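A quick write-up on the structure given underneath.
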Amino acid sequence: MKGIDIKLLRAFIALADTGNYHRAAQKIFITQPALSKQIKALEELTGGPLFQRGRHGASLTPAGTLLYPKATALLQSHFIFMREAQEICHRSREKLTLGFGISSFATVPVWMNQYRRQFPQCEVVINFLPSIIQTKMLLEGSLDIGFIRLPAVEALTSKMIYTEKLILAVPAESHIEADNIQDAFLSFPLLQPEPSVNPCLAGQAALFLKNNSFNAEPVSVTNDMSTLLALIAGSNGVAIVPESVRHFLPAGVRLVALSDNSIQWEIGVAWNAKIAQPRRDDFLQMVSVKAC
């Protein structure tokens with residue numbers, strides 16, 4: 001038997017519910033001749049009459065009575081399937097995933113808010129991730145846009161937004177200033193995030209110490225910057241951090257400029273241009289305008 005068109009089931013249920021061709025046709029917004037044609041086509045497919053026709057309308061035959069609950073269940077399943085399929089397709093089409101790090105902490109959430117106002121139908125998901133993880137996700141296609149340390153790998157397209165540099169985070173009540181940085185390393189442990197989590201920052205801090213002949217051995221104490229700053233606020237140590245931490249500096253922490261500003265790096269927006277994503281392109285256009 002050939003597959004049954006869902007519109008034939010609608011016609012069958014409408015006629016069964018109303019018992020009248022005219023009212024059934026109105027219920028599903030077709031003409032009465034079209035309804036009659038659909039009922040006839042269904043009966044040909046099923047191999048027998050489903051309705052008894054008379055002066056008072058149409059009533060179900062024994063076969064039609066048995067098929068009615070099955071037809072109702074099929075129509076309901078079709079409705080649920082179509083609704084869920086549309087929701088799934090809509091979510092996948094209207095979703096934008098962003099990655100950002102410490103250096104873009106102040107700007108990306110602001111851009112995200114502006115984007116949401118322009119495109120309220122698009123769900124925006126944001127994740128705080130190291131540049132190395134963002135790069136991997138961009139290549140895999142699980143991240144649409146990343147704000148990472150440049151240069152990006154060759155397979156990604158990128159644009160520089162601003163330059164980042166190092167700064168020293170110290171307990172607010174300490175007497176450490178720019179002209180006595182070595183005293184900071186003598187008075188406090190030099191704390192740092194785990195290098196495996198933030199290898200770029202660890203490398204830059206090590207280069208700064210080497211270039212300035214400072215004698216300090218970093219101690220890895222945490223996986224995240226917020227905890228590191230909280231430890232400094234509690235006078236547990238000092239840390240060489242990106243200058244952008246000023247945007248979320250807790251009470252009890254003070255920033256001291258480093259005299260050697262030669263250690264700098266570029267922060268940029270990166271994306272995988274090989275993957276088509278219209279919503280990503282809308283966001284990139286907005287970032288391009290804001291960054292100019």
Worksheet item: Comparing Lys159, Lys27, Lys210, which has the greatest mean-square fluctuation in the GNM of the chain with Cα pairs linked when under 10 Å apart?
Response: Lys27
Worksheet entry | Loop chymotrypsin sites (Phe, Trp or Tyr not before Pro), the stretch 1-109, which have at most 15 other Cβ atoms in a 10 Å radius of their Cβ (DSSP) | Phe29
Worksheet item: Of all DSSP beta bridges located in the stretch 164-265, what percent are antiparallel, nearest 5?
Response: 65
Discussion item. Quick check: the angle from helix 32-46's long axis to the longest principal axis of the chain, C-alpha only, nearest 10 degrees?
Written reply: 90
Discussion item. Under 37 °C and 0.692 mPa s, how fast does the chain diffuse according to Stokes-Einstein, given a Kirkwood radius computed over C-alpha pairs? Answer in µm²/s, whole number.
Written reply: 135
Practice prompt. Report, ordered by chain and residue number, the aspartates and glutamates lying within cross-link reach of Lys210, taken as a straight Cα distance under 20 Å and ignoring same-chain residues fewer than 8 apart.
Written response: Glu164, Glu177, Asp179, Asp183, Glu194, Glu243, Asp260
Item to complete: Specify the angular offset, from 0 to 90 degrees and rounded to the nearest 10, of the alpha carbon long axis of helix 6-18 from the longest principal axis of the alpha carbons in the chain.
Response: 60
Discussion item. Can you give me the convex hull volume of the Cα atoms of the stretch 1-102, divided per residue and expressed in Å³?
Written reply: 135
Practice prompt. Against the globular-protein guess of 2.2 N^0.38 Å, express the Cα radius of gyration of the stretch 164-265 as a ratio, rounded to two decimals.
Written response: 0.94
Response to the item:
To the nearest 10 degrees, the tilt of helix 108-118 (Cα long axis) against the first principal axis of the alpha carbons of the chain is 30
Worksheet item: Could you work out the helix-only [θ] at 222 nm for the chain, with each DSSP H run of four or more residues adding -39,500 (n - 2.57) and the total divided by the number of residues, to the nearest 500 deg cm²/dmol?
Response: -14000 deg cm²/dmol
Practice prompt. Using a 10 angstrom cutoff on alpha carbons, build the Gaussian network for the chain and name the most mobile of Gly203, Gly19, Gly141.
Written response: Gly19
Worksheet item: Rounded to the nearest 5, what is the percent of antiparallel bridges among the DSSP beta bridges in the chain?
Response: 65
Practice prompt. Could you pull out every residue, at least 5 positions away or on a different chain, whose amide H is within less than 5 Å of the one on Thr97? Hs are placed 1.01 Å off N in the peptide plane, and Pro or chain starts have none.
Written response: Val125, Asp144, Ile145
Worksheet item: Taking springs between alpha-carbon atoms closer than 10 angstrom, which of Ile167, Ile28, Ile133 fluctuates most in the Gaussian network model of the chain?
Response: Ile28
Worksheet item: Which residues make up the longest stretch of the chain clear of GluC sites (Glu not before Pro) that lie in a DSSP loop with no more than 16 other Cβ atoms within 10 Å, not counting the sites?
Response: 178-292
Worksheet item: How many nm is it between the label spots at Ala41 and Ser226, if each spot is 7 Å from the Cα in line with the beta carbon?
Response: 6.0
Practice prompt. Grab the beta carbon distance between Arg117 and Gln76, set R0 = 41 Å, and tell me the FRET efficiency rounded to 0.05.
Written response: 0.60
Worksheet entry | Integer Hz, Karplus 6.51/-1.76/1.60 couplings in order for the stretch 191-198, x for Gly and Pro | 8, 7, x, 4, x, 5, 8, 9
Worksheet item: Placing +1 at every Lys and Arg Cβ and -1 at every Asp and Glu Cβ, with all other atoms neutral, what dipole size does the chain have around its Cα centre, in debye to the nearest 20?
Response: 2320
Fill in: Residue-span extension gain [Ser196 to Thr31] - 0.36 nm each, minus C-alpha spacing
52.4 nm
Fill in: the stretch 39-99: Rg to Rh, with Rh as the Kirkwood radius over Cα pairs
1.34
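A short reminder: the numbers here are calculations on the coordinates, not readings from a lab. Just so it is clear, the structure is predicted and the values come from calculations on it, not from any experiment. Note that we place each Cβ from the backbone using ideal geometry, even for glycine, and neighbour counts take in every protein chain shown.
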